[in-house]
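The values are calculated or read from the model by the stated rules, or taken from the named source; none is laboratory data. Because the structure is predicted, anything quoted here is derived from the model rather than measured. We place every Cβ from the backbone using ideal geometry, glycine too, and count neighbours over all the protein chains shown.
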Amino acid sequence: MAKIGFYPLDIDEKEGIRLFGRTEDGKRIMVIDKSYKPYFYIIPEKEINLEKFVNKIKDVEVEEQGIYYTIEDLEVIEKEYESRNVKAIKVTVDKTSSIRVIKNELKNLPEVKEILEWDIQTYKKYLIDREITPLTLCSAEGTITEAKEGLELRGTVNQESEKAYEKYKILAFDIEIYGFLGDEENSNNPIISLALYGSNDYKKVITWKKFKDADENVEVVASEAELIERFKEHILGYQPDFLVGYYSDGFDFPQLKERARKYKIKLDLGADGSNVNFSKKGRTKSSKISGIVHLDIYKFISTIMAGSLHLDSYSLDMVSNEILGDGKLSMNFIDINEAWEKGSIKEICDYNLHDSKLTFQLTEKILPNLVEMVKIIGINIFDVCRLSYGQLVENYLIRRAKEFNVLIPNKPSGDIIAVRRVHTYQGGFVMEPKPGLYENLVVLDFMSLYPSIIVSKNISPSSLNKSKGYKSPDIVEESGRKVNYYFDKKESFIPSVIKDIILRRQRIKEILKGKKDSVLKARSYGLKTIMNAAYGYYAFFGARWYSKECASAITAFAREYIQEAIKGAEKFGLNVIYADTDGFAAVLNKKTENDILNFLDKLNDELPGLMELELEDFYKRGIFVSKKGEGSGAKKKYALINKDGELKIIGFETVRRDWSFIARKTQKKVLEIILKENDGEKAMNYVKDVISKLRKKEVKIKDLIIFTQLRMKLEDYVQIGPHVSVARKMQKKGVKVGVGSPIWFVIKSGKGMIRDKADIPENVKEGGYDEDYYVNNQIVPSVERIFDVLKYNKEDLIKDKTQSSLGDF
DNA sequence: GAGCATCGGGG
DNA sequence: GTGTACGATGCTC
């Protein structure tokens, strides 16, 4: 028997619970723990004799194709379920596969009311019950054997301390392919280059076409098959803890899988010699390797981090520009194809390596967030990386349920989900902005409004009742009936958990004041993310703890609070012009900034404990434009400039690439002139200038290009938009066009439908564009609503400066 | 305002 | 549950 300290990096189940990790001196270790027995709970019918029932089922055993599934233990346990104390029967079985079989055997017995906790993966329950946190110091005790892949220990695991693993070995990778994307055709496209980037300047590019000016880190192999083999060798040689890609679940690994299959190469990268495991859940694929944690950071960034990043796109280029201040090298996929054909392989290698470098650097930046999330939720980083908001909250609640002795509800069935999807309820309070240009504004926000309502009104499915406790404001149900919900004042599970998070985060923020600590910062971020997702979780149709009543009570309380705050502000002398859910913007009138701070202090004294209205910022000027779609929860669309001259542009489509460059630039410039200089006339003249240049055919074709991507096979299109029409022309010219092909086009001058006038930029001579299209469909719509505010109308814009007296037609 | 179509990430 | 599977947004009627 030996005892060894290690950090679990990943966990799964095969033969028993398997934990893959690193020992303190950096050796790879696989621990197999067979001591854990899976279980589920039976909620019996009320009136039955428990002892008799336990006796009746204790010998239940099922045989299927020679395999025996047995019950190992039965125990009556007091638990809380749906706000009641219940006597539940804990059914411990011999192995994970027995859960399903035994459950099916028992579920139809008359004594059984419900069966719970059978649908939670065993490795997750193991982590909870044994109180093990991945990535932190554990110990394993048992018999050790040493193999070339690392240590193998059979025995048991204990949590040793909170000490976190630090020396992560990260290896980022990226592939380039030749050809065009498309679901089926994809497999025919060869991988032409593969790059790896790791710590300590580890760089490798593998390609299979010889070229002259190759760097030392480039390996030229004989074929694509050899490229895949080398990839495997490098991974086994480098022994990363984390193998990281950007959209690698969706592209790189599936592509590697297809190409490896073609050459009959095994992708046996697992520490136990197993192949990469590909799985598909709905639209989302994932690739898992035993013992090497494959992370697709695109998933984490585009779902969880998106909540705080607010980018228009989560492409590697956009994200790395935002987080690292460095973007991709400028090469599109046509360039890659051409470079491969021409033999400019160096270009491809550089591009490929740079992408994997960006992926590596992004991983280093966001890893603290991932790691803290792992420590908070207590599941493995592979899962954390791929969580949705709903799963984030749910996994956290599942982990905390044990200490509250609460039974976990089952996942809803398809029927229940279908019913839940249909039902709606009223959302946040939105005050339509009176469109206009305003001076001297203040924006005030409730800090964590929804979470603090959950806590201060104890809102949860288990405290919900008909007549006592906190009473919600009037809620109008779908039927039109007015109701009030009540929430018992005795603190219940979910509000307690949220309160915990809020307090824990306040303590962290207190420590962080005037100090820099990236770990604590990441922890605070993780806690905030979970807490802010809690309200949405109640309303999420797939949630175990779903409650439309709770969700609608939260928004009802929130509407009341924001409206009260607005009333208070107006009484105080501010002029509120816009509000959305948890905050509002107001004109200062004659009030000073100091007055505002005093107003906040006074108002906050009157609010319940955890609730607080905060100062977001003071603004010199702001423009609020009219919205297209009215109604609650409508998206914000306004722009503000603060005292430092920083612009805050919300909801304008200035950066969408399906608008021509000239339209985007014009919109941005107009907002800038209006906010910075408050000169509507100048902004107007700027637009008129652009229009006049367009009419005089002075605008360069490159500023007029519109970009879209093909989403279907060309022949499947029924609706022929301009991009489809252009794609057809490209195909006729012999260009390969498939799913995902990017289409750049310009609208040429001439007669007929827009789609007939659309053409690839190369076919359009300078000045050969349709100026009417660009004026009416690009420039005017992009600035129209801004000028509405300034009381100019569309005609004013289109009128030529020099001939305005001639009238419209 | 419901119902249908499109699109995301990767090359 | 060896079953299914996205979610947000924009356009059209």
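Contact map, segment A:299-315: first residue under 16 Å from A:Phe382 (Cα atoms) and modelled with pLDDT of 85 or more, second residue more than 11 Å from DNA strand C (Cβ to nearest atom) and of a type in the set (Asp, Glu), Cβ cut-off under 9 Å, separation 6 or more or different chains; pairs are A:Lys299/A:Asp249. No other residue among A:Ile336, A:Ile301, A:Ile297 is over 15 Å from the mean Cα position of the chain (by Cα), β-branched (Val, Ile, Thr) and either more than 9 Å from DNA strand B (Cβ to nearest atom) or surrounded by 20 or more Cβ atoms within 10 Å (Cβ to Cβ) (or both) apart from A:Ile336. Here A:Leu353, A:Leu358, A:Leu256, A:Leu267 are screened, and the one residue that is of a type in the set (A, V, I, L, M, F, W, C) and either within 22 Å of the chain's Cα centre (by Cα) or surrounded by fewer than 14 Cβ atoms within 10 Å (Cβ to Cβ) (or both) is A:Leu358. Please verify whether A:Glu61 is at pLDDT below 95, out of contact with any Asp or Glu (no Cβ under 8 Å at 6 or more places or on another chain) and within 14 Å of A:Val91 (Cα to Cα), treating the condition exactly as stated. Here the answer is yes, as A:Glu61 does meet what is asked.
For segment A:123-197, the strands (runs of 3 or more DSSP E) that sit wholly inside it and include 3 or more residues that are modelled with pLDDT of 95 or more and surrounded by fewer than 22 Cβ atoms within 10 Å (Cβ to Cβ) are A:136-147, A:150-164.
Does segment A:537-555 hold any residues that are of a type in the set (A, V, I, L, M, F, W, C) and over 14 Å from A:Phe487 (Cβ atoms), and which are they? Can you show your working first?
Pass one, segment A:537-555, residues of a type in the set (A, V, I, L, M, F, W, C): A:539-541, A:543, A:545, A:550-551, A:553-554.
Matches in segment A:537-555: A:Ala539, A:Phe540, A:Phe541, A:Ala543, A:Trp545.
In segment A:531-650, which strands (runs of 3 or more DSSP E) lie fully inside it and hold 1 or more residues that are within 16 Å of DNA strand C (Cβ to nearest atom)? Working first, answer last.
Numbers: elements: A:575-580, A:583-587, A:613-624, A:638-642, A:647-650.
Passing ranges, in order: A:575-580, A:638-642, A:647-650.
Taken over segment A:339-362, the residue count meeting the criterion of being away from DNA strand B (no atom under 12 Å from the Cβ) and among the hydrophobic types (A, V, I, L, M, F, W, C) is 2.
Hey, can you tell me all the residues within segment A:257-286 that are free of Cβ contacts under 8 Å to residues at least 40 places away in the same chain, touching an Asp or Glu at 6+ places or on another chain (Cβ under 6 Å) and more than 16 Å from DNA strand C (Cβ to nearest atom)? Scanning segment A:257-286 gives a single hit, A:Asn275. Hey, does segment A:19-40 have a residue that's over 36 Å from the mean Cα position of the chain (by Cα), among the aliphatic types (A, V, I, L, M) and surrounded by 15 or more Cβ atoms within 10 Å (Cβ to Cβ)? Looking through segment A:19-40, none of the residues is over 36 Å from the mean Cα position of the chain (by Cα), among the aliphatic types (A, V, I, L, M) and surrounded by 15 or more Cβ atoms within 10 Å (Cβ to Cβ).
Would you call A:Gly237 small (Gly, Ala, Ser), surrounded by fewer than 22 Cβ atoms within 10 Å (Cβ to Cβ), in a helix (DSSP H, G or I) and without any contact (Cβ under 8 Å) to a residue 60 or more places away in the chain? Spelling it out, A:Gly237 is indeed small (Gly, Ala, Ser), surrounded by fewer than 22 Cβ atoms within 10 Å (Cβ to Cβ), in a helix (DSSP H, G or I) and without any contact (Cβ under 8 Å) to a residue 60 or more places away in the chain. The residues of segment A:353-375 that are in contact with a Lys or Arg (Cβ under 7 Å, 6 or more places away or on another chain) and within 15 Å of A:Thr133 (Cα to Cα) amount to a single one, A:Glu372. All conditions in (1) closer than 22 Å to A:Val157 by Cα; (2) surrounded by fewer than 19 Cβ atoms within 10 Å (Cβ to Cβ); (3) in contact (Cβ under 8 Å) with a residue 24 or more places away in the chain; (4) not basic (Lys, Arg) hold for A:Val76, with the sole exception of (1). Among the residues making up segment A:321-333, a single one is in a helix (DSSP H, G or I) and near DNA strand B (Cβ under 9 Å from one of its atoms): A:Phe333. Looking only at residues of segment A:265-293 that are more than 22 Å from A:Ala225 (Cβ to Cβ), outside any loop (DSSP other than H, G, I, E, B) and within 16 Å of DNA strand B (Cβ to nearest atom), we find that the one that is modelled with the lowest pLDDT is A:Lys281.
Take the conditions in a helix (DSSP H, G or I), β-branched (Val, Ile, Thr) and at negative phi and apply them to A:Ile304. Does it pass? Explain how you work it out, then say what you get.
Working: in a helix (DSSP H, G or I): yes; β-branched (Val, Ile, Thr): yes; at negative phi: yes.
So A:Ile304 passes the test.
For first residues located in segment A:658-686 and of a type in the set (Lys, Arg), partners that are in a loop (DSSP other than H, G, I, E, B) and lie 6+ apart or on another chain with Cβ distances below 6 Å form the pairs A:Arg664/A:Thr654; A:Lys668/A:Thr654.
When A:Ala569, A:Ala586, A:Ala556 are checked against the criterion of being in contact with a Pro (Cβ under 9 Å, 6 or more places away or on another chain) and more than 16 Å from DNA strand B (Cβ to nearest atom), a single residue qualifies: A:Ala556.
Report yes if some residue within segment A:51-64 is within 30 Å of A:Ala271 (Cα to Cα) and in contact (Cβ under 8 Å) with a residue 12 or more places away in the chain; otherwise report no.
Checked segment A:51-64: no residue is within 30 Å of A:Ala271 (Cα to Cα) and in contact (Cβ under 8 Å) with a residue 12 or more places away in the chain.
So, A:Asp445, is that one closer than 30 Å to A:Asp595 by Cβ and either in contact (Cβ under 8 Å) with a residue 40 or more places away in the chain or aromatic (Phe, Trp, Tyr) (or both) or not?
Values: closer than 30 Å to A:Asp595 by Cβ: yes; either in contact (Cβ under 8 Å) with a residue 40 or more places away in the chain or aromatic (Phe, Trp, Tyr) (or both): yes.
Considered against the rule, which asks whether it is closer than 30 Å to A:Asp595 by Cβ and either in contact (Cβ under 8 Å) with a residue 40 or more places away in the chain or aromatic (Phe, Trp, Tyr) (or both), A:Asp445 comes out as yes.
Residues in segment A:401-438 that are more than 30 Å from A:Lys567 (Cβ to Cβ), crowded, with 17+ Cβ neighbours inside 10 Å and among the β-branched types (Val, Ile, Thr): A:Val406, A:Ile408. Checked against the criterion of being within 16 Å of DNA strand C (Cβ to nearest atom), in contact with a helix residue (DSSP H, G or I) (Cβ under 8 Å, 6 or more places away or on another chain) and aromatic (Phe, Trp, Tyr), segment A:295-310 has at least one qualifying residue.
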